[in-house]
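S.K.: Let me begin by handing over the structure; questions about it come next.
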């Protein structure tokens, strides 16, 4: 089993909004949609804006700076001006804690 980093309790993550967490020197945007959690790289691949600050729409997040959309599931850039995907991280929920799996950082 891959090691994991505890990010907080489930209740620390509001629904349909992003939360930025720093894991070492890696910025991660964590999103809670219903009972599912998603974690992607927090920096927009177009202009380095924080994706955790973006709006969530049906499983995608919109960059707050220029409106590029990214899939929370795959990290793919879905609209211009972004053309490159962002990293995707594996999230587990155990006993009410949200864990980021270390080592599985890109899809």
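S.K.: Let me have the relative contact order for the chain, percent, based on Cα pairs under 8 Å that are six or more residues apart.
M.R.: Reported relative contact order: 26 percent.
S.K.: Where both residues lie in the stretch 4-101, what percent of DSSP beta bridges are antiparallel, nearest 5?
M.R.: Around 95 percent antiparallel, to the nearest 5.
S.K.: Just grab the label-to-label distance for residue 23 and residue 76, each label 7 Å out from Cα along the Cβ direction, in nm (one decimal).
M.R.: According to this spin-label approximation, the distance is 2.3 nm.
Since every read-out is calculated from the coordinates, none of them should be taken as a lab result. None of these values were measured; they are calculated from a predicted model. Glycine gets a Cβ as well: all are built from the backbone with ideal geometry, and neighbour counts include every protein chain shown.
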